[in-house]
Amino acid sequence: MAKQILSKMIFAGSLLLLAVPAFSLPAGLTTVENLETEKYLGKWYEVARLDFFFERGLVYTTAEYSLNRNGSIKVVNRGYNAEKEKWKEAKGKARFRSEKENGDLEVSFFGPFYSEYNIISIDGDYQYALVIGENTEYMWILSRDKTIPDDIKEKYLAIAKNAGVIIEDLIWVDQENP
């Protein structure tokens, strides 16, 4: 009887551990400190990204951030699928993983399931940002404009490459008007 109870407790504990996300920043990276949330809010153009299922085939992609009443951040990702000739949009929420507002957030588009959203670098004017997900298979270069200066681009590419991102796989997003 004691073995059965112990076995059930171990099983339940294992399930609990699987259900709780274990956030860990990719090796060699740190998030920006003292992120000024108000400055980060607003519309960002996706200049470059690594391909993944939700954004596959999309152009003119943007991310827009605003505050929710509860203090979380509303996220609206949008892009145009030229092949299907229609817009695709996903609404979600982001929240800080620590009490201090650093660039280590988590974002959810599907109920209680969250993924990492790590702001690795941002310029002082909050015009350009480098974001990496839970691992180096998720990366975005964001800009307030549809383009990014070469010096910022080279800086972000160097950071990403040093972290293990395969920068040759980046998709440079078409941001010309649809």
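The values are calculated or read from the model by the stated rules, or taken from the named source; none is laboratory data. All of these numbers come straight from a predicted model, not from anything done at the bench. A quick note on method: Cβ atoms are made from the backbone with ideal geometry, for glycine too, and the neighbour counts reach across all protein chains shown. Accessible surface areas use protein heavy atoms only, side chains included; no ligands, DNA or RNA. Shrake-Rupley method; radii C 1.70, N 1.55, O 1.52, S 1.80 Å.
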Bounding extents of region 138-178 in its principal axis frame from Cα atoms, largest first in Å, are 34, 20, 13
So for R0 = 30 Å, FRET eff. of Lys86-Ile167 from the Cβ-Cβ r, to 0.05, ends up at 0.50
Using a 1.4 angstrom probe with every protein chain in place, what is the largest-first accessible-area order of Glu154, Glu106? Glu154, Glu106
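Considering only protein heavy atoms and a 1.4 Å probe, what is the carbon-and-sulfur percentage of the accessible area of region 13-143?
50
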Rounded to the nearest angstrom and ordered from largest down, what semi-axes does the equivalent ellipsoid of region 108-178 get from its C-alpha gyration tensor (root of 5λ)? 20, 16, 13
For Tyr128, what accessible area in Å² do you get when you roll a 1.4 Å probe over the heavy atoms of the protein chains, rounding to the nearest 10? 40
Heavy-atom accessible area per residue of region 16-118, all protein chains kept, 1.4 Å probe, expressed in Å², is 61
1/(1 + (r/R0)^6) with r = Cβ-Cβ of Arg144 and Phe113, R0 = 25 Å, i.e. FRET efficiency to nearest 0.05, evaluates to 0.30
Cα-Cα pairs in region 41-178 separated by more than 26 Å, as a whole percent of all pairs, come to 19
